[in-house]
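Notes to accompany the following structure.
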Amino acid sequence: MSAVLQTPSGKGKGKKPPAATMPSPAAANAAAASFAALTASLDYLDASDIELVRKAYRFADEAHLGQLRASGEPYITHPIAVAAQCAEWKLDAQALMAALLHDAIEDCGVTKPELIERFGAPVAELVDGLTKLDKLQFNTREESQAESFRKMLLAMARDVRVILIKLADRTHNMRTLEDVPREKWSRISSETLEIYAPIAHRLGLNQTYRELQELAFRHLRPWRYNILSKAVTKARNRRRDLIQKVQREVEAAFESAGIDVRIAGREKTLYSVYRKMDEKHLSFAQVTDIYGFRVIVPSLLDCYTALGLLHQMYKPVPGKFKDHIAIPKVNGYQSLHTTLVGPAGVNVEFQMRTEAMHVVAESGVAAHWLYKASSQDGDGADRLGTKWLQSLLDIQHETRDAAEFWDHVKIDLFPDAVYVFTPKSQIMALPRGATVVDFAYAIHSNIGDRTVAARINGMQVPLRTELKNGDVVEVVTAPVSTPNPAWLGFVRTGRARSKIRHHLKTLAQAESQDLGEKLLTQALRAEGLEKLPSDEPEFHSLWEKLLRFTGSRSRAELLTDIGLGKRIASIVAKRLVTMLAERGEKPDTLLITRERYTAHENVSQGEVVLDGSENASVQFATCCRPVPGDPIVGYLGRGEGLVVHTEDCAVAKRLQHKDSERFISVEWSDEPVRPFETSLLVTVVNGKGALARVAAALANAEADIAHVDMGDDRAQDATDMRFIVAVRDLAHLDAVIRTLRRTPAVMRVQRVRPGGG
């Protein structure tokens, strides 16, 4: 996993060097000493756990024997350093063992079964997860990046310890990056800034986040790093007396108030100074909040008391107060922030927090192991980060496409939250740019699916409205409402996008299944059977036989395939009749006669009835644009579902000649639920306002215009206008045509005939 190992022979880290390059006794002693230092920090584990860690160390030491890092140190120093970082986070014995063994599979030919046998399945799973992460290569190509992120984030979601060990590994590699050839610095540092630091931040590992940023910045922009470093050192020396004075005054004030505090200096990292200068176009002198103090107090109430005391001592800078205790950050961070004008007009930032909050602020998700108290804060630490990690698993469950998964996660990885309120004053944190629909899905997927309208601060707003800090958002739902595909164009969160796509896919499948059931029932009636065998246990063996014949995995899949035109209903029906005959169920000859007669007369009870409520499963052909009242036929396109044509459509006739068994009987419902589009060709005398007059006539006739094309022949005496209009049925269309013919300037009106004629 180490990015910095190189054997003296220049070969990969999996090769053992020749005997001449074996580590010196001094180097071996250094390794042993470093393990001794590690055991000294394991006092939070019991003796049996420490023995397990020692056992893993001995195994790793033996496995890596003879391997050196690029610095010339024995390779084992790297796993020890990684384990030491994990011990700082107080991770359990399994995680420490995995940290020591994390390169064993990759470098030393150790197998996973061998690790299971020696150290148990949980440790082997952690090592295996880390080995898989190590194989990821973050190229600039979007697809491979998506695949890499997908695997990494899923490993994180399955067991947070995997990512914690990986972050510890990356931190040690960055600390020793000097030993790697310089041409690799840029790639490794960019990867650290773009991938590992944001993950550390997202999990609340503030100390690691800051260190990774700083080390990456130092190796990515060495010249800028050195200049800034000198400027900060100079400023620090210039203001040392002033900072010490502030610290003395503050300590004295707290002592006289009888509050037990721990005050620590805090300096902005060079990378955050650089980013502030770069983003806000400031000079170094204009970055005022480089220095600050952390005030650690015993209780939550003391945080606010401390704030009051400080505001009495120094003037606060307006607009620079933030209460992250009442409204914690997405990653669980809590503190009060205020910036004060100290002596000599120098701005100094103060952060007030309790000891528990401090542990969470520095260690985030790792606080799960670090801080287990019986207090409410302790319970909160147990839940840290799990909401986000669980949402990744939800997205993965609904999305199998790597690029789509990366789309979902990309925004969530770089949190810049807005905080809004539900009508019951519950606080919700969402990414910046999130809309009302994102808010609805954040509450519950059922609420998101049924959203029809929204109010922000009591005002009606469009669903695409972006949320701002402090908005009170109220969502209006309707039981019959479903997600609109247009929402995908503006939602920001991965959760909302995946839920909408999942619903639309499920909806299309359900409709196709219903259609398939209707078609198979119709085909069975033509074979003399009244209805489709049910899904009851008595028919299970029959359905299993039929599924083996068709190659489908389930009854639902078979019916969906029939609805999508991937299978022919009549062939499946014939096979089903044969199977039922074997069970003693004979076809009804009277039903066969009646079905064949009525089918000829086009009034068959088994026909598919269309009312316009069908969405994905039924399409109305654009070549002839049928409307209720037109004689129609249904064509089961391959994988397109049912396509409806008018009976005299030239395209339908060609298909019928070629593929007649795919045509089925369809009929209009007595009460269609929506208008249908059809094409009209209107020839008008060229003149001012001709289009306006035609449009007004269509509006009077209650026909909605969906599209208009005027062509390019404006210099002629007459112009052809092609309209696509929505009408209720054939009678409504006739009334529209009569209205147009009475309109001045209209010479001729005709419906564009089937087949594009």
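The values are calculated or read from the model by the stated rules, or taken from the named source; none is laboratory data. As the structure is a computational prediction, the values presented were derived from the model and not from experiment. Here Cβ is always computed from backbone atoms with ideal geometry, including for glycine, and neighbour counts include all displayed protein chains.
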(message) Suppose we filter region 172-190 for residues that are in a helix (DSSP H, G or I) and surrounded by 17 or more Cβ atoms within 10 Å (Cβ to Cβ); how many remain?
(response) 7
(message) Tell me the residue from Gln513, Gln522 that is more than 38 Å from the chain's Cα centre (by Cα) and more than 17 Å from Met579 (Cβ to Cβ), please.
(response) Gln522
(message) So, in region 304-338, how many residues would count as being β-branched (Val, Ile, Thr) and either under 36 Å from the mean Cα position of the chain (by Cα) or surrounded by fewer than 14 Cβ atoms within 10 Å (Cβ to Cβ) (or both)?
(response) 4
(message) Please go through region 100-115 and give me each residue that is part of a helix (DSSP H, G or I) and surrounded by fewer than 16 Cβ atoms within 10 Å (Cβ to Cβ), ordered by number.
(response) Lys112, Pro113, Glu114
(message) Looking only at region 509-546, how many residues end up being over 24 Å from Ser613 (Cβ atoms), modelled with pLDDT of 75 or more and hydrophobic (A, V, I, L, M, F, W, C)?
(response) 4
(request) Could you list all residues from region 200-245 that are among the hydrophobic types (A, V, I, L, M, F, W, C), without any contact (Cβ under 8 Å) to a residue 24 or more places away in the chain and within 26 Å of Val348 (Cβ to Cβ)? (result) Ile227
(request) Kindly indicate the residue of region 41-67 that is assigned to a helix (DSSP H, G or I) and hydroxyl-bearing (Ser, Thr, Tyr) and also nearest to Val82 (Cα to Cα) among those meeting that condition. (result) Tyr57
(message) Cβ-Cβ distance below 7 Å, separation of 6 or more or different chains: which pairs start in region 35-47 with a residue that is in the same structural domain as Lys90 (by TED's automatic domain parsing) and end on one that is basic (Lys, Arg) and part of a loop (DSSP other than H, G, I, E, B)?
(response) Tyr44/Lys90
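I'd like the residue in region 491-511 that is in a helix (DSSP H, G or I) and among the β-branched types (Val, Ile, Thr) and, out of all such residues, is surrounded by the most Cβ atoms within 10 Å (Cβ to Cβ). Spell out how you get there, then give the answer.
First, the residues of region 491-511 that are in a helix (DSSP H, G or I): 494-511.
Okay, now just the ones that are also among the β-branched types (Val, Ile, Thr), so 500, 506.
On the way: Ile500: 23, Thr506: 11.
For region 491-511, the residue satisfying everything is Ile500.
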(request) Name, by its number, the condition in (1) surrounded by 14 or more Cβ atoms within 10 Å (Cβ to Cβ); (2) more than 39 Å from the chain's Cα centre (by Cα); (3) not aromatic (Phe, Trp, Tyr) that does not hold for Gly258. (result) (1)
(request) Go through region 429-460 and count every residue that is crowded, with 18+ Cβ neighbours inside 10 Å, touching a residue at least 24 places away in the same chain (Cβ under 8 Å) and not acidic (Asp, Glu). (result) 14
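Residues checked against (1) among the hydroxyl-bearing types (Ser, Thr, Tyr); (2) at pLDDT 85 or above:
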| position | (1), (2) |
| --- | --- |
| Ile50 | no, yes |
| Ala93 | no, yes |
| Ala98 | no, yes |
| Val123 | no, yes |
| Thr131 | yes, no |
| Asp134 | no, no |
| Glu142 | no, no |
(request) Check whether at least one residue in region 650-663 is modelled with pLDDT of 80 or more and closer than 21 Å to Ala510 by Cα, and report yes or no. (result) no
(message) The conditions are (1) surrounded by fewer than 18 Cβ atoms within 10 Å (Cβ to Cβ); (2) under 30 Å from Arg224 (Cα atoms); (3) of a type in the set (Asp, Glu), and Glu349 fails exactly one of them. Which is it?
(response) (1)
(request) May I ask you to list the residues in region 446-490 that are assigned to a helix (DSSP H, G or I) and modelled with pLDDT of 85 or more? (result) Asn446, Ile447, Gly448, Asp449, Trp487
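Would you say Val746 is surrounded by 15 or more Cβ atoms within 10 Å (Cβ to Cβ), among the hydrophobic types (A, V, I, L, M, F, W, C) and in contact with a Gly (Cβ under 9 Å, 6 or more places away or on another chain)?
No, not satisfied.
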(request) Those residues that are touching a Phe, Trp or Tyr at 6+ places or on another chain (Cβ under 8 Å) and either more than 15 Å from Cys86 (Cα to Cα) or in the same structural domain as Tyr271 (by TED's automatic domain parsing) (or both), I need them from region 168-188; list them, please. (result) Leu177
(request) For region 569-577, indicate whether the set of residues that are touching a Lys or Arg at 6+ places or on another chain (Cβ under 6 Å), assigned to a helix (DSSP H, G or I) and modelled with pLDDT of 70 or more is non-empty. (result) no
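Can you give me the number of residues within region 544-554 that are assigned to a helix (DSSP H, G or I) and under 13 Å from Gln509 (Cβ atoms)?
Residues that pass the stated criteria total 0.
Out of everything in region 158-171 that is assigned to a helix (DSSP H, G or I) and not hydrophobic (A, V, I, L, M, F, W, C), what residue ends up being surrounded by the fewest Cβ atoms within 10 Å (Cβ to Cβ)? Let's see the steps before the verdict.
Within region 158-171, the first condition is being assigned to a helix (DSSP H, G or I), and the residues that meet it are 158, 160-171.
When the remaining residues are screened for being not hydrophobic (A, V, I, L, M, F, W, C), the result is 158, 161, 166, 169-171.
Values: Arg158: 16, Arg161: 28, Lys166: 23, Asp169: 26, Arg170: 26, Thr171: 21.
So the residue we want is Arg158.
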(message) I'd like to check something: does region 82-99 contain any residue that is in contact with a Leu (Cβ under 6 Å, 6 or more places away or on another chain), assigned to a helix (DSSP H, G or I) and closer than 22 Å to Asp179 by Cα?
(response) yes
